[in-house]
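In what follows, a structure is listed as structure tokens, so that the remarks can point back to it.
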Amino acid sequence: MLLFREPSFSRTVSRILRVDHAGEYGAIRIYGAQILVARRLHPAVVPFLVETVAHERRHAATFRELMWPRGTRPCRAMPLWGVVGTLLGLFTGLLGVNAIMICTEAVERTVHAHLNKQLAFLGTRDPVLSEAIRAVRDEEVGHHDHAHAARTSFGLAAHALDAFVAGTTWLLIWCSTYGALTRMRHAV
Ligand SMILES: [Fe+2]
Ligand SMILES: [Fe+2]
């Protein structure tokens, strides 16, 4: 049985869950690829990456569990999230620890802003989903803050990498929600 009958609201909730689940999958791929490279080139950063990817796996499981009672199927763009995530992870891993931290900061900042828009849209209409998103968001903020504190590069190249990663993440989110991100902003 579906939890929600109101079609446009339930459609947006489905898109929220789909993109959040796909985003966690992308994050798992980013951190997984970075771990692969960092084990060989930057072992000092591996504990942070291993802990973070464990959080992302838990987040993905949380969203997956919330999907079926709401009649939601996984995002069709999941393979794209996987490929882009892996490439971003390998690319930044090879660039070094600063690039890993810049990537983490940019991804988590973009995701955090997206989750806040979802929470504003949901209001009190789906407390279980809101609570799950809030708990995930708080952990994403922790990832962001750790990365921000750990990076030591703030030059032009760092800004360019930050903008590239944030832009890529935003584009994937927009594509996976078919523009629902924009409509959500109008609805609140
Ligand atoms: Fe996450
Ligand atoms: Fe995260």
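The values are calculated or read from the model by the stated rules, or taken from the named source; none is laboratory data. Bear in mind that the values here come from a model prediction, so they are computed numbers and not experimental data. With ideal geometry, Cβ positions are generated from the backbone for all residues, glycine too; neighbour counts draw on all protein chains shown.
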Problem set entry | Residues being farther than 19 Å from ILE173 by Cα and of a type in the set (Lys, Arg) - total across region 45-77 | 2
For this session: Restricting attention to region 114-159, report how many residues are among the aliphatic types (A, V, I, L, M) and within 21 Å of HIS42 (Cβ to Cβ).
Result: 5
For this session: Kindly indicate whether any position in region 70-87 is within 16 Å of ligand 2 (Cβ to nearest atom) and either of a type in the set (Lys, Arg) or in contact with a His (Cβ under 9 Å, 6 or more places away or on another chain) (or both).
Result: no
Problem set entry | Complete set of residues in region 56-66 that are surrounded by fewer than 18 Cβ atoms within 10 Å (Cβ to Cβ) and away from ligand 1 (no atom under 11 Å from the Cβ) | ARG64, GLU65
Exercise. Could you say which residue among VAL37, VAL53 is more than 20 Å from ARG134 (Cα to Cα) and surrounded by 15 or more Cβ atoms within 10 Å (Cβ to Cβ)?
Worked result: VAL37
Exercise. Only one of these conditions is not met by VAL128: (1) buried (at least 18 other Cβ atoms within 10 Å of the Cβ); (2) away from ligand 1 (no atom under 16 Å from the Cβ); (3) of a type in the set (Val, Ile, Thr). Which number is it?
Worked result: (1)
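Residue-wise test of (1) loosely packed, with under 13 Cβ neighbours inside 10 Å; (2) at pLDDT below 95; (3) more than 16 Å from ligand 1 (Cβ to nearest atom).
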| site | (1), (2), (3) |
| --- | --- |
| HIS112 | no, yes, no |
| ALA132 | no, no, no |
| HIS146 | no, no, no |
| SER153 | no, yes, yes |
| HIS159 | yes, no, yes |
| ALA163 | yes, no, yes |
| HIS186 | yes, yes, yes |
For this session: Under 6 Å between Cβ atoms, at least 6 apart or on separate chains: pull out the pairs that start in region 51-64 with a residue that is in contact (Cβ under 8 Å) with a residue 60 or more places away in the chain and within 11 Å of ligand 2 (Cβ to nearest atom) and end on any residue that is of a type in the set (Ser, Thr, Tyr) and assigned to a helix (DSSP H, G or I).
Result: THR52/TYR31
Problem set entry | Which listed residue is within 16 Å of ligand 1 (Cβ to nearest atom) and within 21 Å of ALA120 (Cα to Cα), from VAL19, VAL13, VAL84, VAL53 | VAL19
Exercise. What residue, of ARG11, ARG15, ARG58, is at pLDDT 95 or above, part of a helix (DSSP H, G or I) and not aliphatic (A, V, I, L, M)?
Worked result: ARG58
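Yes/no per residue for (1) of a type in the set (Phe, Trp, Tyr); (2) in contact (Cβ under 8 Å) with a residue 12 or more places away in the chain; (3) more than 25 Å from HIS55 (Cβ to Cβ):
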| site | (1), (2), (3) |
| --- | --- |
| PRO127 | no, no, no |
| ILE133 | no, yes, no |
| ASP138 | no, no, no |
| HIS146 | no, yes, no |
| ALA150 | no, yes, no |
| PHE154 | yes, no, yes |
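Report whether or not LEU94 is under 15 Å from the mean Cα position of the chain (by Cα) and either part of a helix (DSSP H, G or I) or within 13 Å of ligand 2 (Cβ to nearest atom) (or both).
no
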